[in-house]
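S.K.: First the structure, then my questions, so here it is.
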Amino acid sequence: MAKVTLSFTPAPVHVRTARLVGVAVARRAGVAEELLDEVRLAVGEACARAVALHRQYGLADLVRVEMSDGPAYTVRVIDRAPAEAGPDLTGLPPDKLANEALTDEAVTVGVGLTLLAGVVDDLQVRPVDEGGGTEVRMAWPVKRWPV
Amino acid sequence: MELSLTTRSIGAHTVLEVGGEVDVYTATRLRERLVELIDGGARRLVVDLGRVDFLDSTGLGVLIGALKRLRTVNGTLALVCDKESLLKIFRITALDQVFPIHPTIDAATAADSSGSGA
């Protein structure tokens with residue numbers, strides 16, 4: 001099993017780098033070409049969420065992205081923000097999303113989670129065992145290289 | 001690819017052509033341009049996403065913000081997009097029910113002129 005780990009300062013400008021690395025490693029791991037757009041979107045959403053949480057709580061800690069291949073291509077995005085952070089707006093109906101009462105940021109959080117759940121079949125969001133924070137774990141099937 | 005923003009007028013419509021990647025880093029620039037256009041009097045806005053390579057939730061949030069802003073001044077916002085990878089994002093989030101999405105600028109301006117805009 002091969003691993004690539006990336007840590008970055010919680011700034012929006014680095015999310016693109018994380019997306020590029022996430023897709024490059026996915027391609028190398030043997031994820032089907034037609035799934036790479038989903039990998040790009042999901043890694044970006046998970047990293048953008050982590051960056052937003054770190055900024056919301058004033059945390060300078062690095063956001064960590066761990067990519068590994070094996071029976072599946074797995075990406076873990078780990079933040080250090082309090083685990084209860086963020087309203088659960090998953091699946092909010094569209095008329096509510098365009099509701100005046102919600103801020104752009106709240107809409108983005110809701111849309112981001114909906115997108116993550118929509119493009120990743122194998123998705124887990126769970127508290128980190130040590131040190132606090134949340135881990136977003138995503139996995140995609142890989143085609144085995146011909147032997 | 002960096003974000004590119006180009007504005008032009010077609011009849012009563014203001015068309016904003018967006019290119020490149022709209023994400024958590026670049027969405028601020030898109031938000032600023034949309035606010036600038038609306039504050040400057042644009043009321044029939046068409047956002048052309050034809051040259052957008054990547055769009056994330058931040059970009060969607062900015063488009064929703066512009067739609068809400070336009071609604072308060074009786075304005076309309078239509079999107080132009082025929083790229084399946086982007087259309088899928090609108091379907092997943094059910095935002096295809098919030099925005100009128102057209103395959104071409106001509107279709108967007110024609111539909112809006114006939115009064116079926118947002």
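S.K.: What does the C-alpha gyration tensor say about the overall shape of chain B? Classify as rounded when a/c is under 1.5, otherwise prolate if a/b is larger than b/c, or oblate. Before the final figure, lay out each step's value.
M.R.: Values: a/c = 1.42, a/b = 1.20, b/c = 1.18.
Cα axes put chain B in the rounded bin.
S.K.: Label the range A:37-78 by shape, choosing from rounded, prolate and oblate, from the square roots a ≥ b ≥ c of the eigenvalues of the Cα gyration tensor; if a/c is under 1.5 it is rounded, and otherwise prolate applies when a/b is larger than b/c, oblate when it is not. Working shown, then result.
M.R.: Details: a/c = 4.52, a/b = 1.89, b/c = 2.39.
Taking the square roots of the gyration eigenvalues as a ≥ b ≥ c, the range A:37-78 is oblate.
S.K.: Take each of the peptides A:5-12, A:22-29, B:106-113, average the number of other beta-carbon atoms within 10 Å over its residues, and list them starting from the highest. Mind dumping the intermediate values first?
M.R.: Numbers: A:5-12: 15.8, A:22-29: 19.5, B:106-113: 17.4.
Put in order of decreasing packing, that is A:22-29, B:106-113, A:5-12.
S.K.: Where does chain B land at 222 nm, in deg cm²/dmol rounded to the nearest 500, when only DSSP H runs of n ≥ 4 count, each adding -39500 (n - 2.57), divided by all residues?
M.R.: Numbers: 4 runs with 46 residues, N = 118.
Value at 222 nm, helices only: -12000 deg cm²/dmol.
S.K.: Here's a follow-up. If contacts are Cα pairs under 8 angstrom and at least 6 residues apart, what is the relative contact order of the range B:17-77 in percent?
M.R.: On the way: 72 pairs, mean separation 30.2, N = 61.
About 50 percent, as a whole number.
S.K.: Give, as ranges by residue number, the residues of the range B:1-35 whose backbone N falls under 19 Å from the point 7 Å along Cα→Cβ of residue B:74.
M.R.: Label zone hits: B:12-14.
S.K.: If you take the square roots of the eigenvalues of the alpha-carbon gyration tensor of the range B:79-118 and sort them as a ≥ b ≥ c, do you get rounded (a/c under 1.5), prolate (a/b over b/c) or oblate? All intermediate terms of the calculation are to be shown ahead of the outcome.
M.R.: Working: a/c = 4.78, a/b = 1.60, b/c = 2.99.
Taking the square roots of the gyration eigenvalues as a ≥ b ≥ c, the range B:79-118 is oblate.
S.K.: Still on this structure: From Cα pairs below 8 angstrom and at least 6 apart in sequence, can you work out the relative contact order of the range B:10-118, rounded to a whole percent?
M.R.: Numbers: 159 pairs, mean separation 30.0, N = 109.
In percent, rounded to a whole number, it is 28.
S.K.: 222 nm [θ] for chain A, helices only, -39500 (n - 2.57) per DSSP H run of 4+, per residue, to 500? It would help to have the intermediate numbers written out before the result.
M.R.: Working: 4 runs with 56 residues, N = 147.
For chain A, the value works out to -12500 deg cm²/dmol.
S.K.: What's the magnitude of the charge dipole for the protein assembly as shown around its Cα centre, counting Lys and Arg as +1 and Asp and Glu as -1 at the beta-carbon? Answer in Debye, nearest 20.
M.R.: On the way: 29 positive and 35 negative charges, 48 e Å.
Value, rounded to 20: 240 debye.
S.K.: Quick check: the angle from helix A:15-29's long axis to the longest principal axis of chain A, C-alpha only, nearest 10 degrees?
M.R.: Once rounded, the angle reads 30 degrees.
S.K.: Each residue of the range B:37-50 in turn: what ³J(HN,Hα) in whole Hz from Karplus with 6.51, -1.76, 1.60 and θ = phi - 60°, glycine and Pro shown as x?
M.R.: After applying 6.51 cos²θ - 1.76 cosθ + 1.60, I find 5, 5, 5, x, x, 5, 10, 10, 9, 10, 9, 8, 9, x Hz.
S.K.: Could you give the dipole magnitude of chain B about its Cα centre, charging the beta-carbon of Lys and Arg +1 and that of Asp and Glu -1, in debye to the nearest 20? Intermediate values should be presented prior to the final figure.
M.R.: Values: 13 positive and 15 negative charges, 85 e Å.
Rounded to the nearest 20 debye, it is 400 debye.
S.K.: Report ³J(HN,Hα) in whole Hz for each residue of the range A:36-46, in order, from the Karplus equation J = 6.51 cos²θ - 1.76 cosθ + 1.60 where θ = phi - 60°; Gly and Pro get x.
M.R.: Running phi through 6.51 cos²θ - 1.76 cosθ + 1.60 with θ = phi - 60° gives 5, 4, 5, 4, 4, 5, 5, 4, x, 5, 5 Hz.
S.K.: Still on this model: Looking at the protein assembly as shown from every direction and averaging, what is the projected area of its Cα convex hull in nm²?
M.R.: Values: hull surface 57.4 nm².
Average of the hull's projected areas for the protein assembly as shown equals 14.4 nm².
S.K.: Which one of A:109, B:92, A:72 has its Cα pushed farthest toward the positive end of the charge dipole of the protein assembly as shown, where Lys and Arg give +1 and Asp and Glu give -1 at the Cβ?
M.R.: Of the candidates, A:72 comes out farthest on the positive side.
S.K.: Same structure, new question: Mean separation of Cα pairs under 8 Å and 6+ residues apart, divided by the residue count of chain A: what relative contact order is that in percent? Show your work: numbers first, answer last.
M.R.: Working: 245 pairs, mean separation 40.8, N = 147.
Computed value for chain A: 28 percent relative contact order.
Quick note: the coordinates plus some simple rules give every number you see, no bench work behind them. Note that this is a predicted model, so its numbers are computed, not measured. Positions of Cβ are backbone-derived with ideal geometry, glycine not excepted, and every protein chain shown enters the neighbour counts.
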